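Beneath this line is the structure, given in structure tokens, with notes to follow.
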Amino acid sequence: MPSLRKRDVEALLASYDHDPVAALTAALRVVLALPHAGFDELLAAAPIDDVRRAMLARHDLAALDDLARELNETRTLAPARS
């Protein structure tokens, strides 16, 4: 799975407060190698569990914050745990 570059993380953090969904969409497009996908399509492709996916789809702020933190710290997405 591709990872975010420094400039991708900087863009995520710079735009997150203004529009978290757009910022995460841009970052997920890089991580999931789906450059034209929308947020819902990216969530469907992401290796995350169904509960987290549903929370993100509802734009739950805590879930969005957690995803932003994960992408900032690891620069990728860890596979969902069973």
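In order along region 32-49, phi translates into HN-Hα couplings of 9, 6, 10, x, 10, 6, x, 4, 5, 5, 5, 4, 5, 8, 6, x, 10, 6 Hz, rounded to whole numbers, per the Karplus curve 6.51 cos²θ - 1.76 cosθ + 1.60 with θ = phi - 60° and x for Gly and Pro. 3J(HN,Hα) couplings calculated from phi for region 71-78 with the Karplus curve 6.51 cos²θ - 1.76 cosθ + 1.60 (θ = phi - 60°) are, in sequence order, 5, 5, 7, 9, 6, 7, 10, 6 Hz; Gly and Pro show x. One compactness figure for region 1-44 is 1.06, namely its Cα radius of gyration divided by 2.2 N^0.38 Å. Summing Lys and Arg as +1 and Asp and Glu as -1 over all other residues whose Cβ lies under 13 Å from the Cβ of residue 2 gives a net charge of +2.
Kirkwood-type hydrodynamic radius, the chain: 12.4 Å, calculated from all non-identical alpha-carbon pairs.
Every number here is computed from the coordinates shown, using simple stated rules; none is lab data. Just so we're clear, the structure is a prediction, and the values are computed from it rather than from any experiment. Using ideal geometry, Cβ is built from the backbone for each residue, glycine included, and neighbour counts are taken over all protein chains shown.
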